[in-house]
Amino acid sequence: GMTRIRNLPRLLNLIARVIVSNVRTAHATIFLRNKGESHFTVAASQGKLKKPAGELLVEESGALVSLLIQRRGPLVYEELKEEYQQELRRNPKTRERKAAGPLKHALWEMERLQAAVCVPSFMEHKLQGFFVLGEKISGDLYDQDDLSIFSTLASQAAMAIENAQAYEELRDTRDQLLQSERMGTIGKFAADMAHEIKNPLQAIL
């Protein structure tokens, strides 16, 4: 059904609402990158802890996005935290090393977003956006079945989002052409009117 929706905000809000109502998460937030920008912003959010659109930014060059691109799958906060703590236990000096930096900063970004899970959405090997899911209201942890379903949803959503964006661009181009045609018609009408007024004025002079 997603592929039939051409209005991008409506599509994104529908996806977020379906996740919140079926999985019962504190929030489901979708981040997208606008063309020409180097960061991802909130495009839609639903749930008790929903995020305001356009206010939260996640830098493309940041640790969270880099890790999503590198691993090409869902990032679970608790698993990343355990991975980081294991790294510290193996070598206490890791805290000062660059190797632990990406994990530490990715965890910080997930905490800032109140994210229990981040699910990337790729289109032709390019990160189009990602879903941020809060903790389950029940207190249960996300299992492997949840993550598989979210990955499938993100993959199919990528195609639907691409279609909606292409439709919006086509509509904007059409509107611009119509506006240009309208302005051209007005200009021609004004020139004709000026010519019609000029002739009798010359005769009067």
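Okay, here's what the table says:
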read-out	value
Lys, Arg +1 and Asp, Glu -1 on Cβ, resulting dipole of region 1-138 about Cα centre, debye, nearest 20	240
Accessible-area ranking of GLU87, GLU162, largest first, probe 1.4 Å	GLU162, GLU87
Computed FRET value (nearest 0.05) for ARG89 with ASN7, which takes r as the C-beta separation and R₀ as 35 Å	0.10
Cα gyration tensor shape for region 40-153, rounded if a/c is under 1.5, else prolate or oblate	prolate
Shape call, region 23-85: gyration tensor on alpha carbons, a/c limit 1.5	oblate
Exceeding the 27 Å Cα-Cα cut-off - candidates LYS51/LYS126; LYS35/LYS81; LYS50/LYS81	LYS35/LYS81
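The values are calculated or read from the model by the stated rules, or taken from the named source; none is laboratory data. In this text the structure is predicted, and so the values were computed from the model without any measurement. Glycine also receives a Cβ, built like all others from the backbone with ideal geometry; neighbour counts cover every protein chain displayed. All accessible areas refer to the heavy atoms of the entire protein, side chains included, with ligands and DNA or RNA removed. Shrake-Rupley method; radii C 1.70, N 1.55, O 1.52, S 1.80 Å.
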